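The values are calculated or read from the model by the stated rules, or taken from the named source; none is laboratory data. What you see is a predicted model; the values in this text were computed from it and never measured. Glycine also receives a Cβ, built like all others from the backbone with ideal geometry; neighbour counts cover every protein chain displayed.
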Amino acid sequence: MIRAENLYFSYNASPPFVLNGIDFELKNGEYVSVVGENGCGKTTLMKLILKFLKPVRGSIASEAKRIGYVPQKQGSMNSGFPITVYEMLDSYRRLLGIREKAVVTESLRRAGLEEFSAALIDTLSGGQGQKALIARAMLGSPDLIILDEPSSGVDPSSQKEIYGLLRKLNEENGVTILSVEHNLEAAVLNSTLIYHLSKGKGHVCTPQNYAEEYLRNRGES
Amino acid sequence: MLSYGFMQNAVFVSLCISVLCPCIGIFLVLRRYSMIGDALSHASLAGITIGLLFGQSPVLGAFVFTSVCGALVEFLRSYYEKHTDLILSIILSLGVGTAITIISSGRLRVNADAFMFGSILTVTKTDMIMVLALSLVSLLAVAFLYHQMLYIAFDEEAAKVAGVRVRLINYVFSILVASAISVSIRIVGVLVLSSMIAIPVATALQLGKGFRKTLVFSVIFSAFDIMSGLLFSYYLNVAPGGLTALISVALLLAVILAKRLLSGVKGRKSHS
């Protein structure tokens, strides 16, 4: 689904590199969480996949026919924008060229947001806002959903619902998921694989191996 | 009042302004670019003077020059990503500098004051044709690009993921801003033109509605502001631009006051 080869990136196109020659492969149907300390390049990797940034060296390519994107609610969207949940989804449906209006209500139903359809986005709680963004990402049956810290600013019970929804999309609908995570517990509990980025390099491991590695490192420090 | 030909012309142009300005203004305001709209409206004075200097329609001159300035804003944005307020100074210097140079050269045979303050007497048939053509084309473009412009203003990254050509649409949008400004200069005048672009939208935002309803209310408020401005300017014999700006601010304050009173009444009801 996604393949990165010998990927280098820095914001001024010269060393030191944020991503320092990484190789990465995401197969269809996986649920991969990208973890690592602040500033290790998690969000940069996501932006390279989404083509918001261009690699300095190496390549990154995606075979996804349709990508659903879930930004961090506060980070990307225009706060104070007068838009209802329904308008946000319906306008996006039009951008994607989907004719059937019913996909909007279906997406809201799956995200459990039918009753908030007429609410302004700004008035939603962190959890409801995140679910609205996931509902938007589900429009048009994407084969890949990319999320940027989906549990950021979300209460524990809403986190449970959000990860339940993501797992359902992954297990029942075969949607490949790539989630940039700061929530290590959620990453270990929900992912099929973990991509650990550190000092510009990365490696893939199983959630169990990552948990063991994490506990071992904590014990040493 | 409406039996006078000049008033019929003024009402016709005002109707075009009241629809077009908020349709463009809502995107400018929500992208936090209302001050760039202000800079572009001041820059249009240069276009007017260039038009007059070469014996062409001042509305056409304003449209061409403001479109160039709009494109320049987009171009400069990549150089001053973190200092967008500087773009304002650059555009103002270019526009007002050009206008002052041409006016002070003494080569203009027409007085440019009417364009600064707005006038109901000076709308010509050529202006009306220009205003109608610009309004129709611009409104069609807004209808066609509505969802793209909405998403660029709301969530640019999501728009890019959906395949929207953000940069291209930003350039088209700067031409639409130029069009709204050119349509409005005859009646509203350069100095308070931004009031027609920003204030009806600011008033509608106070109602706390979704995007479509906010747009509809912006058009309603805009029509009220400009038609009242026109009516009172006729009877008081003053420039319509200043009065329209005053009425738009008064309406904004009235809506804020009404909102406060209503929330106070609701609060008392819920306590009792």
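On the basis of being more than 30 Å from A:Pro15 (Cβ to Cβ) and within 14 Å of chain B (Cβ to nearest Cβ), does A:Thr123 make the cut? For A:Thr123, the condition - more than 30 Å from A:Pro15 (Cβ to Cβ) and within 14 Å of chain B (Cβ to nearest Cβ) - is met.
Screening region A:70-120 for residues that are surrounded by fewer than 18 Cβ atoms within 10 Å (Cβ to Cβ), of a type in the set (Ser, Thr, Tyr) and assigned to a helix (DSSP H, G or I) and picking the one that is nearest to the other protein chains (Cβ to nearest Cβ) gives A:Ser76.
Every test in (1) within 14 Å of chain A (Cβ to nearest Cβ); (2) part of a helix (DSSP H, G or I); (3) among the small types (Gly, Ala, Ser); (4) without any contact (Cβ under 8 Å) to a residue 24 or more places away in the chain is passed by B:Ala202 save one, and that test is (4).
When we screen A:Gly153, A:Gly112, A:Gly129 for residues that are among the small types (Gly, Ala, Ser), at negative phi, touching a helix residue (DSSP H, G or I) at 6+ places or on another chain (Cβ under 8 Å) and touching a residue at least 40 places away in the same chain (Cβ under 8 Å), the only hit is A:Gly129.
State whether one or more residues within region A:37-53 are within 14 Å of chain B (Cβ to nearest Cβ), in a strand (DSSP E or B) and of a type outside the set (Phe, Trp, Tyr). The answer is no; no qualifying residue exists.
Residues are listed down the side, and each one gets a yes or a no for (1) modelled with pLDDT under 90; (2) part of a helix (DSSP H, G or I); (3) crowded, with 19+ Cβ neighbours inside 10 Å:
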| residue | (1), (2), (3) |
| --- | --- |
| B:Pro22 | no, yes, yes |
| B:Phe27 | no, yes, yes |
| B:Ile36 | yes, yes, yes |
| B:Ala46 | no, yes, yes |
| B:Phe63 | no, yes, yes |
| B:Cys69 | no, yes, yes |
| B:Glu81 | yes, no, no |
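The set of residues from region B:216-272 being small (Gly, Ala, Ser), in a helix (DSSP H, G or I) and farther than 19 Å from B:Leu205 by Cα comprises B:Ser228, B:Gly229, B:Ser233, B:Gly241, B:Gly242, B:Gly264, B:Gly267, B:Ser270.
Does B:Val142 count as among the hydrophobic types (A, V, I, L, M, F, W, C), within 20 Å of B:Gly70 (Cβ to Cβ) and not in a helix (DSSP H, G or I)?
Taking the combined requirement at face value, the residue does not satisfy it.
For region B:145-195, a tally of residues being facing chain A (nearest Cβ under 8 Å) and under 21 Å from B:Ile91 (Cβ atoms) returns 1. Is at least one residue of region A:160-170 in a helix (DSSP H, G or I), assigned by TED's automatic domain parsing to the domain that holds A:Ser33, without any contact (Cβ under 8 Å) to a residue 12 or more places away in the chain and within 24 Å of A:Lys65 (Cβ to Cβ)? Within region A:160-170, one or more residues are in a helix (DSSP H, G or I), assigned by TED's automatic domain parsing to the domain that holds A:Ser33, without any contact (Cβ under 8 Å) to a residue 12 or more places away in the chain and within 24 Å of A:Lys65 (Cβ to Cβ).
Being surrounded by 22 or more Cβ atoms within 10 Å (Cβ to Cβ) and part of a helix (DSSP H, G or I) is the requirement here; does B:Ile129 meet it?
For B:Ile129, the condition - surrounded by 22 or more Cβ atoms within 10 Å (Cβ to Cβ) and part of a helix (DSSP H, G or I) - is not met.
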